[in-house]
1. If you scan region 142-160, which residues turn out to be crowded, with 18+ Cβ neighbours inside 10 Å and under 18 Å from the mean Cα position of the chain (by Cα)?
2. Residue 115 fails exactly one of the following numbered conditions: (1) surrounded by 15 or more Cβ atoms within 10 Å (Cβ to Cβ); (2) touching a helix residue (DSSP H, G or I) at 6+ places or on another chain (Cβ under 8 Å). What is the number of that condition?
3. With the checklist (1) surrounded by 16 or more Cβ atoms within 10 Å (Cβ to Cβ); (2) over 24 Å from residue 291 (Cα atoms); (3) of a type in the set (D, E, K, R) in hand, flag the one item residue 172 doesn't pass.
4. Considering region 50-97 alone, what residues qualify as being surrounded by 15 or more Cβ atoms within 10 Å (Cβ to Cβ), of a type outside the set (A, V, I, L, M, F, W, C) and modelled with pLDDT under 95?
5. Looking at 218, 228, 241 in this structure, which one is of a type in the set (Val, Ile, Thr), surrounded by fewer than 20 Cβ atoms within 10 Å (Cβ to Cβ), in the same structural domain as residue 299 (by TED's automatic domain parsing) and within 20 Å of residue 302 (Cα to Cα)?
6. I'm trying to understand the selection: among the residues of region 165-205, which are over 20 Å from residue 114 (Cα atoms) and either touching a Ser or Thr at 6+ places or on another chain (Cβ under 6 Å) or aromatic (Phe, Trp, Tyr) (or both)?
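The values are calculated or read from the model by the stated rules, or taken from the named source; none is laboratory data. As the structure is a prediction and not an experimental result, all values here were calculated from the model. Please note: Cβ atoms are built from the backbone with ideal geometry, for glycine as well, and neighbour counts cover all protein chains shown.
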Amino acid sequence: MKKIIYTLMAVFCIGMTACDQGEPLVIPQLDIVESTVDFEAIGGKGFITLASLGEKVNASSSTEWCSIQNVTGNKITFNVTENAEITTRTAIIRVTAGAITKQVAITQIGLVAQYERKDFYSYPDNVAFTEPIKFTSSLPIAVTIDNDWLSYTETEEGFQFKAEENTSGKARMGKATVKSGDISIDYCFLQYGIEGLCKEWDATYSDGEAMATDKFTITQTEGNALNISIAELGYQRISAIYEDGAIKIPCGQIIATKRMQNGSTYYIALGTLNRAETQAGLSENITCQLVPYLNNKTKQWGLTFVDNGSWQYDQIGIVNWALTSTGSLAGYWDKILNLCLN
């Protein structure tokens with residue numbers, strides 16, 4: 001009897017061993033073999049190659065700009081969109097196989113661009129011009145122009161803008177918008193002559209204490225000679241000259257006579273003042289200068305005061321001085337600082 005039992009137990013053990021050898025135990029495995037993890041700003045397609053055993057593979061991305069395209073076998077393909085910003089960004093692709101999870105960090109650098117910051121170019125006497133402007137980028141660059149008289153060609157470092165002589169008889173300004181990613185620059189090109197400066201302007205300036213507005217009227221008298229009148233300040237005859245594309249106003253000229261209630265008389269002389277406010281500039285060799293500029297708020301051109309270096313001190317603006325009947329300096333009469341004509 002014992003012999004029969006032992007024989008049955010032996011047969012059972014042999015059967016168990018046969019079952020174990022026919023169906024070996026599979027241990028889940030997930031390894032990243034190869035992946036595309038670094039991208040330029042332009043973006044593109046990437047892949048992740050896996051070594052996976054035992055479970056179906058799934059993949060998901062933490063961001064919209066990095067999207068999973070396909071998961072087939074042991075390969076994941078994904079797409080990275082263009083990064084129009086200047087900052088670097090990172091996405092996480094999460095790969096799962098059963099209970100096993102792996103994470104792959106995808107990094108994309110931002111837009112890299114080098115470009116000319118100066119955005120306003122002026123050409124006096126309406127001359128033809130060719131202006132090279134540097135603009136390079138790691139993303140595609142688009143150029144749009146708002147006037148058919150302005151054109152451009154591409155160069156190794158950017159673009160070359162050009163225009164023929166302006167024969168229209170009036171000032172004209174063209175704009176070229178250069179865009180790459182989130183960077184967009186409006187480059188403005190002004191052609192003008194004396195006739196473009198002669199008109200009534202809306203002026204804003206500081207009187208030293210507060211901002212003020214007035215009308216400035218510029219008229220051509222003869223040749224390059226000009227007359228400037230400032231309505232509310234009561235100045236009707238201010239002599240100036242158009243030279244080298246600028247309006248130059250000589251200091252020392254008497255522009256008004258003021259009679260006071262006490263019977264005294266003051267002669268108002270156009271001049272300037274140094275930054276320390278210790279020196280009065282009244283010599284006829286000193287000039288106050290107005291040149292074209294671009295109003296960054298309105299994107300229109302106008303005229304503004306600049307220090308042209310004709311005085312040994314820094315000029316802060318136009319300062320009109322009161323002189324007594326003997327020619328001595330009584331003090332300043334009014335200030336026209338931070339002057340802009342639009």
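1. 158, 159
2. Unmet condition: (2).
3. With (1) surrounded by 16 or more Cβ atoms within 10 Å (Cβ to Cβ); (2) over 24 Å from residue 291 (Cα atoms); (3) of a type in the set (D, E, K, R) applied to residue 172, the lone miss is (2).
4. Across region 50-97, the qualifying residues are 52, 55, 74, 96.
5. Details: 218 fails: surrounded by fewer than 20 Cβ atoms within 10 Å (Cβ to Cβ); 228 fails: surrounded by fewer than 20 Cβ atoms within 10 Å (Cβ to Cβ).
Result: 241 is the single residue among 218, 228, 241 that is of a type in the set (Val, Ile, Thr), surrounded by fewer than 20 Cβ atoms within 10 Å (Cβ to Cβ), in the same structural domain as residue 299 (by TED's automatic domain parsing) and within 20 Å of residue 302 (Cα to Cα).
6. Listed by number, the residues that qualify are 189, 190, 192, 198, 200, 201, 204, 205.
Conditions (1) assigned by TED's automatic domain parsing to the domain that holds residue 177; (2) in contact (Cβ under 8 Å) with a residue 24 or more places away in the chain; (3) closer than 21 Å to residue 238 by Cα; (4) of a type in the set (A, V, I, L, M), marked per residue:
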residue: 301; (1), (2), (3), (4): no, yes, no, no
residue: 315; (1), (2), (3), (4): no, yes, yes, no
residue: 319; (1), (2), (3), (4): no, yes, yes, yes
residue: 325; (1), (2), (3), (4): no, yes, yes, no
residue: 332; (1), (2), (3), (4): no, yes, yes, no
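Each row is one residue, and each column tells you yes or no for (1) within 14 Å of residue 332 (Cα to Cα); (2) modelled with pLDDT under 95; (3) among the aliphatic types (A, V, I, L, M); (4) surrounded by fewer than 18 Cβ atoms within 10 Å (Cβ to Cβ).
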| residue | (1), (2), (3), (4) |
| --- | --- |
| 252 | yes, no, no, yes |
| 256 | yes, yes, yes, no |
| 259 | no, yes, no, yes |
| 263 | no, yes, no, yes |
| 269 | yes, no, yes, no |
| 272 | yes, no, no, no |
| 278 | yes, yes, no, yes |
| 287 | no, no, no, no |
| 292 | no, no, no, no |
